[in-house]
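Heads up, the thing below is written out as structure tokens.
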Amino acid sequence: MSQAHKPDELEYYHPEEVHRVDYQPPATDWRDTPTVFRPGSFIYPSKPKDLEHIGFPNGHAWHPTDEDWKLPENWKRIIFDGMRERLQKYRSFKVFMDICVRCGACADKCHFYIGGGDPKNMPVLRAELLRSVYRHDFTTFGKILGRWAGARPLTPEVLKEWFYYFYQCTECRRCSVFCPYGIDTAEITMMGRELLHLLGLSVNWVMHPVADCYRTGNHLGIQPHGLKDTLEFFAEDVEEVTGVHIDVPINKKGADILFVTPSGDFLAEPGIYTCMGYLALFHELGLNYTWSTYASEGGNFGLFTSADMMKRLNSKMYAEAKRLGVKWILGGECGHMWRVINQYMDTMNGPPDFLEVPKSPITGTVFENARSTKMIHIMEFTADLVQHGKLELDASRNDGRRVTFHDSCNPARAMGMLEEPRQVIKAACHNFFEMPEGTIREKTFCCGGGAGLGTDENMEMRLRGGMPRGKAVQYVQDKHGVNVLAACCAIDRATLTTVCDFWAPGVKVSGITELVANALVMKGEKERELNFRKEPMRDEVEAPPADSEEHPTVEAA
Amino acid sequence: MKALVSLAAVLVLLLAAYVGVHLGDLRWLFGVVVPYFAAAVFLVGIVVKVIGWGRSPVPFRIPTTCGQQKSLPWIKQDKLDNPATGWQAMGRMALEILAFRSLFRNRETVLRDGQLAYRTNKWLWAAALAFHYSMLIIVLRHLRFFFAPIPRFVDVLTNVDGFLQVGVPGIYITSFVFLGAVTFLLARRLGWARMRYLSLPADYFPLFLFLAIGCTGLWMRHIDKVDVSQVKAAVMGLLVLAPHPPAVGWIFYAHLFCVSTLLAYFPFSKLMHLGGVFLSPTRNLANDNRARHHVNPWNRPLPVHTYAEYEDEFRDRMREAGLPLDKE
């Protein structure tokens, strides 16, 4: 497969095109509109060796733009058997295949539809891609009336369409908030992807991290000694700016708490500053905790792969907690990680009877909401510290930052963690501004790169999908002079940086614990001049001019 | 085109009743056989469908949380949008089923001059609520044909519905609300490019069918008045399995045939959202999976990469880095 341009070259896709959105549907019915694999709008396929490593079937060399996807001979049988099995395993799938009335409430709720205008990105039609096949082969009416019943036969073209559009869904569940029956497109997309996997059709940006995570314990493939180097390097950076020496406990038996965070925080800016924040915070609290190299991934790309793969990757957390003999588990700032922990972990790999109900050693608060899973979110943990006044925070150190908060999809819609991060941010920063209603809390918009879509070759779709969030950021940037977008999710920290650079240039992305650690007054610290980014601590920013109070067209309700 | 096909299908139903009853004498077919058949399909079909759904388990608790979770004591939980107990989840379901909570949330996305706005838009919610509640009242009003004596609440409901006291016999408000709402829902699908694009014949057909049912009903009551006592006698006859079709005009049979079609069509169609909404796992479960263990009936052990295997692969490098080892 040869492309004229590589994804990191500007010519690969056309950024100026992203500003153009046409909501006028095509003249042809969606079932007759062919799928075009346009550079910048699809993800490269997975490599057979990765699939082999995790025991996935039918790995083979192919490319989305090829005419022939080299499907196994009995591919139809495989798909139908796969559908039947999943209909029997998931009531959600069965019910969601039957009850949609196509009221259209979801249609303009998807960030990919809003930013792209492709009608097959309306959640209702995304689901119809599967439903039409379900009707054709699993329902009486569909078998008799065919197309008039909304049915269509399964063909290689349909598979291509599935691949294209099920990897243009970030499983963010925003549509399901507005659906009168709670139909959750994430469920549909998950089933669609599982079916494609049966034929060896998957994407490298998901399967490579999954294979790495299975082997090395994290998506990035960082080996144990490398992780130790990384964390110690961060500790040195913290010492450089605070003057406080920090030890990094790794694989420590007998620690009270196992700390697990997404591996994105080990590698790239701005996540690494959040990671430094964890080190500073835990040191200051004198927490008896440990990092793990075996369970060094909070995120779980298995969620974007299959229920089974999710379980296999997730199992490491409890296994490691047991091996190290900790009392409970603390989880870092991540988005989809918390969907897995809040909605799947205990069912898949629990209950962990060898652990204790999480209890903060600092405040004595018992986290009853995690009574069974024994794992809490760092924002729950920190909000509790803030409430009890256990952190000495000098919020003026963040006065150079005018902060808004991006609710990450999964903590918002698969958990409901809305106030905890806000409480923490407000304690650490004086200047906090909400984005418009309709773009925050349970109605929050995806960054455009979740569910394994955050790769460079998919940049056009990422920017399009990031448009609603980007424009909301731009709105508070114009109105309140916001220059920092705080997010408690590693994918957000990576992808929103790109989204902001495009839609709201000048706004930087930050983790929340980074803000906390900046404001944290540590015992024995030196005069703080630099923040963790080694920028001057109190750079003042100008407030916006008074006449920019009202934005002309965005309504804040 | 999709709409025309659906309209044609409904016109064929009306024509069938006209030909069958007005030109031919198929009152037994349209007045006895078809209603019995439709009622049987309706009941059996719904039961089979719901049992079919019920046979698939709910492996994971996946509520869509639409408000603050229950976590720390000083943070106020949103009990109805993010239930933490079964009772709260029932509250959420009640709000969803009785008041269409999620539709009420609707915000329309508007892109204008490069700016996005999210405007509160309750039209669909209002029309859906008007449609469903007026239909419910109309169905309850029709119970007067199924009981002797007529239950008191049916009389009360009927009087309230007809309180305008316009015309003889008096008009019912719900008749017009119903037709108005159906017309709105239809116009919304036909007049809006996006809705037209995502609609299927199966979306137009029930709307045209409801229109036909409503119009034939009004026709019988206000224009070509039907002998109500005959109709009631016939309905009671059907109920006690002593059927005899009423000797009334074809409009009644058209009405009855459309209702029969609706009943028989119901279990195989999107109208099953009536039952499905109760079973939606994103709405009817409490968000308590971290607090209470939830069992997946098909959970099974899967191959995992154990710590021992991991240490075997990386032991030398871990030792060099000074990381603790289980096996030296």
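If the condition is being without any contact (Cβ under 8 Å) to a residue 12 or more places away in the chain and part of a loop (DSSP other than H, G, I, E, B), then segment B:91-136 contributes B:Asp113, B:Gly114. The residue that is nearest to A:Asp108 (Cα to Cα), counting only those in segment A:161-186 that are open to solvent by 10 Å² or more (accessible area, probe 1.4 Å) and at the interface with chain B (Cβ under 10 Å from one of its Cβ atoms), is A:Cys175.
Condition check ((1) closer than 23 Å to A:Asp184 by Cα; (2) surrounded by fewer than 18 Cβ atoms within 10 Å (Cβ to Cβ)) across all residues:
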{"position": "B:Val5", "(1), (2)": "no, yes"}
{"position": "B:Val12", "(1), (2)": "no, yes"}
{"position": "B:Trp28", "(1), (2)": "no, yes"}
{"position": "B:Val33", "(1), (2)": "no, yes"}
{"position": "B:Ala39", "(1), (2)": "no, yes"}
{"position": "B:Val58", "(1), (2)": "yes, no"}
{"position": "B:Arg61", "(1), (2)": "yes, no"}
{"position": "B:Leu72", "(1), (2)": "no, no"}
{"position": "B:Lys79", "(1), (2)": "yes, yes"}
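Yes or no: segment A:277-296 includes at least one residue that is within 18 Å of the chain's Cα centre (by Cα) and under 30 Å from A:Leu195 (Cβ atoms). No, that holds for no residue. With the requirement that a residue be open to solvent by 20 Å² or more (accessible area, probe 1.4 Å) and either under 16 Å from A:Thr155 (Cβ atoms) or not charged (D, E, K, R) (or both), what does segment A:46-61 give you? Those that are open to solvent by 20 Å² or more (accessible area, probe 1.4 Å) and either under 16 Å from A:Thr155 (Cβ atoms) or not charged (D, E, K, R) (or both): A:Pro48, A:His53, A:Gly55, A:Phe56, A:Pro57, A:Asn58, A:Gly59, A:His60, A:Ala61. Taking residues in segment A:129-142 that are facing chain B (nearest Cβ under 10 Å), and partners anywhere that are open to solvent by 50 Å² or more (accessible area, probe 1.4 Å), the pairs with Cβ atoms closer than 8 Å and at least 6 places apart or on different chains are A:Arg135/A:Phe141; A:Thr139/B:Phe268; A:Thr140/B:Phe268; A:Phe141/B:Phe268; A:Gly142/A:His136.
Just one of the listed residues (A:Leu313, A:Leu324, A:Leu330) is within 11 Å of another protein chain (Cβ to nearest Cβ) and under 20 Å from the mean Cα position of the chain (by Cα), and it is A:Leu313. Looking only at residues of segment B:81-108 that are small (Gly, Ala, Ser) and within 10 Å of chain A (Cβ to nearest Cβ), we find that the one that is least open to solvent (accessible area, probe 1.4 Å) is B:Ser102.
Exactly one residue out of A:Gly325, A:Gly298, A:Gly271 is within 19 Å of A:Asn518 (Cβ to Cβ) and either touching a residue at least 12 places away in the same chain (Cβ under 8 Å) or open to solvent by less than 10 Å² (accessible area, probe 1.4 Å) (or both): that is A:Gly271. When segment B:13-32 is filtered for residues that are of a type in the set (A, V, I, L, M, F, W, C) and in a loop (DSSP other than H, G, I, E, B), only B:Leu26 remains. Of all residues in segment A:65-95, exactly one satisfies the criterion of being within 18 Å of A:Thr35 (Cβ to Cβ) and basic (Lys, Arg), namely A:Lys70. Taking the condition assigned to a loop (DSSP other than H, G, I, E, B) and either more than 13 Å from every other protein chain (Cβ to nearest Cβ) or under 30 Å from B:Gln230 (Cα atoms) (or both), does B:Asp78 pass? In short, no. Of everything listed in (1) within 14 Å of chain B (Cβ to nearest Cβ); (2) under 24 Å from A:Phe304 (Cα atoms), the single unmet condition for A:Gly454 is (1). Close Cβ contacts (under 9 Å, 6 or more residues apart or on different chains) running from residues in segment A:79-101 that are within 7 Å of chain B (Cβ to nearest Cβ) and open to solvent by 10 Å² or more (accessible area, probe 1.4 Å) to residues that are among the β-branched types (Val, Ile, Thr) and assigned to a helix (DSSP H, G or I) comprise A:Cys100/A:Val124.
Listed by first and then second residue, the pairs with beta-carbon distance under 6 Å, at least 6 apart or on different chains, first residue in segment B:282-307 and closer than 24 Å to B:Trp87 by Cβ and more than 7 Å from every other protein chain (Cβ to nearest Cβ), second of a type outside the set (Val, Ile, Thr) and assigned to a loop (DSSP other than H, G, I, E, B), are B:Leu285/B:Arg61; B:Leu285/B:Pro63; B:Ala286/B:Pro83; B:Ala286/B:Ala84; B:Asp288/B:Ala84. Here A:Glu17 meets each of (1) closer than 30 Å to A:Gly466 by Cβ; (2) open to solvent by less than 40 Å² (accessible area, probe 1.4 Å) with one exception, condition (2). Elements of the type helices (runs of 4 or more DSSP H) sitting completely within segment B:175-272 and holding at least 1 residues that are open to solvent by less than 40 Å² (accessible area, probe 1.4 Å), among the hydroxyl-bearing types (Ser, Thr, Tyr) and within 12 Å of chain A (Cβ to nearest Cβ): these cover B:193-198, B:201-218, B:250-265. Number of residues in segment B:113-137 that are of a type in the set (S, T, N, Q), under 30 Å from A:Gly470 (Cβ atoms) and under 26 Å from the mean Cα position of the chain (by Cα): the value is 2. Condition check for A:Glu157 on (1) buried (at least 23 other Cβ atoms within 10 Å of the Cβ); (2) under 21 Å from A:Gly116 (Cβ atoms): one failure, at (1). Residue-level analysis places B:Gln88 among those that are over 26 Å from A:Met191 (Cβ atoms) and part of a helix (DSSP H, G or I).
Considering the conditions (1) without any contact (Cβ under 8 Å) to a residue 40 or more places away in the chain; (2) within 30 Å of A:Gly416 (Cβ to Cβ), B:Trp53 is excluded by exactly one of them, (1). Within segment A:278-295, if we keep just the residues that are in a helix (DSSP H, G or I) and open to solvent by less than 10 Å² (accessible area, probe 1.4 Å), the residue that is farthest from the other protein chains (Cβ to nearest Cβ) turns out to be A:Ala280. Mind checking which residues of segment A:469-494 are within 14 Å of chain B (Cβ to nearest Cβ) and more than 25 Å from A:Gly332 (Cα to Cα)? Result: A:Lys471, A:Ala472, A:Gln474, A:Tyr475, A:Val476, A:Gln477, A:Asp478, A:Lys479.
The values are calculated or read from the model by the stated rules, or taken from the named source; none is laboratory data. It should be emphasised that the depicted structure is a prediction, and the values quoted were computed from it without experimental measurement. Please note: Cβ atoms are built from the backbone with ideal geometry, for glycine as well, and neighbour counts cover all protein chains shown. When the accessible area is computed, the model is the full protein with side chains, heavy atoms only, and any ligands, DNA or RNA have been set aside. Shrake-Rupley method; radii C 1.70, N 1.55, O 1.52, S 1.80 Å.
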